[in-house]
Amino acid sequence: MNQLHTPKASRNQDTGRESFIRPSMGSGSIRRSAGALFRGVLSASRAKAGTFTDVPTTFSASTASTDPTAPNASATTGNAGRAARHGFPLRTVAALASSGLLATPFLAGTAHADPKEPKAPKPPAKMSQIGGDRLGTPGVQVAQTPGAPKLPGPDTLTARSWIVSDAESGKVLAAKNAHWQLAPASTLKMLFADTVLPKFPKDQKHTVKPADLAGMGAGSSLVGIRENLSYSVHDLWLGVFLRSGNDAVHTLSAMNGGTAATVTQMQRHAKELNARDTHVVTPDGYDAPGQVSSAYDLSLFARSGLQNPDFREYCSTASAQFPGDKGKDGKRASFGIQNTNRLLSGDYDIKPYPGIAGVKNGSTTNAGSTFTGVAQRGDRKLLVTVMNPEKKEHNEAYREAAKLLDWGFAAADKVEPVGRLVGPLSEDDGSGAENAKDKGKNADRSTQAALDGAGAKSGAWTALGLTTGALALLGVVAFAVHRRWPLPELVRGRRPRK
């Protein structure tokens, strides 16, 4: 994905780039370790074979991973091939092979001696059926009809899990392993925002304490928040959405009563949204044992959050200025930040997607690349979520998301839905949802009557005015109908300047 890891960072959290320049393919730490390794090997080889010159001491980080196309050969043959692919001259490789060092476990281990790729995990045979039986069935689910465009094949859509749905009606147009519980990465920040964003006014200021930034994982993506400096809530949310800043998440969590309290609230809110595949351990999506979500749940989080105009503003902003340090004159400078959602901001190898209006991307070691996006074409608004493409190419999650959006806009009126995105417990009728209550049925009937009376089209969105607990206590249903959001022409800064 676009969110590349620095050599010193752990591979557990996403980071972004400010420019569209092709990233360097090398790594200082890898070069040093590789150079030391091969210098040692070559010294041993010289003592044994008595020959060899012109030995390079660096290789590209991009080639250090196992090559899935490599033949299942012996250790000597496999290591020789890998050494050659890493740029070592043929006479160097020949000398290594003749000395027998290419077959040693030491060298083989550094060059991935086992040429076999680990087996890709399979989805559970039984998954949640919230939203419909087919959504709990492994594999691709689509109700193709005559005249409907064909869904792209498995060579194009390689993600372990994905879903494309109508954002307003909630109809699921197609899905693959929609309820597979997988690591979510920073797409979990959508649930964080949907939970915490309504609690603080945008102009509220907060001076960051050292304790606010404690507990962040090694290699976390950061927007650049400094201790003892003041930031507005508006600034902090820009840091969350544009730079996926874990420092911004932890600062807002501190304002919200701490990380533990925030995680508890997020889990409660997930349950209210009928997002039963989700288990929250960290508020920022950083890899943690047991932290999972699903393509279905991430779509629920996006759909709920997008009903908040502030959420829409932040997730659709392509670039902004962020407060920096104080200068000698006491004035604070600012620096530019760019959204790491490449369907929104573009990249050297991908253009912004027409009509894109958010939402959130992520990338961690456990999660791979994840992405949830919303786009509008005419009056149609589609949500797409992609989790962990098998094809590990640059910006692959965005490419697959764009393919699904293209198909969805072409097929929306020509395929039968295979399920639906359910509403919150307070408004859903319980169809396809687990443990639904009578209050949910009553609220749904009241909501639908209100929508019908307003002349809204089927499935028009509703924005909850009160929490589920307050609704149950007061017996009041307060919904505001949002019939047109988010208009692409109102999305600020979505396209980079030419």
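Working carefully through the options Asp329, Asp277, Asp284, Asp325, find the one that is acidic (Asp, Glu) and under 19 Å from Leu197 (Cβ atoms).
Asp284
Determine, yes or no, whether Asp297 is of a type in the set (Asp, Glu) and over 27 Å from Gln129 (Cα atoms).
No, not satisfied.
Select from segment 200-244 the residues that are crowded, with 20+ Cβ neighbours inside 10 Å and at positive phi and list them in ascending order.
Gly219, Ser244
Among the residues of segment 283-302, write down those that are on the phi < 0 side of the Ramachandran plot and either surrounded by fewer than 24 Cβ atoms within 10 Å (Cβ to Cβ) or outside the structural domain of Ser363 (by TED's automatic domain parsing) (or both).
Asp287, Ala288, Pro289, Gln291, Val292
Which of the residues belonging to segment 144-191 are hydrophobic (A, V, I, L, M, F, W, C) and farther than 17 Å from Asp406 by Cα?
Ala178, Trp180, Leu182, Ala183, Ala185, Leu188, Met190, Leu191, listed by residue number.
Would you mind telling me which numbered condition in (1) in contact with a Phe, Trp or Tyr (Cβ under 6 Å, 6 or more places away or on another chain); (2) without any contact (Cβ under 8 Å) to a residue 40 or more places away in the chain Val263 fails?
The single condition Val263 does not satisfy is (1).
State all residues of segment 401-418 that are under 23 Å from the mean Cα position of the chain (by Cα) and either over 17 Å from Ala295 (Cα atoms) or part of a strand (DSSP E or B) (or both); if no residue qualifies, say none.
Asp406, Trp407, Phe409
Please specify each residue of segment 250-282 satisfying the condition of being of a type in the set (Asp, Glu) and buried (at least 20 other Cβ atoms within 10 Å of the Cβ).
Result: Asp277, single match.
The values are calculated or read from the model by the stated rules, or taken from the named source; none is laboratory data. In this text, all values refer to a predicted model and were calculated from it rather than measured experimentally. Because the Cβ atoms are built from the backbone with ideal geometry, glycine has one as well, and the counts that use them run over all protein chains shown.
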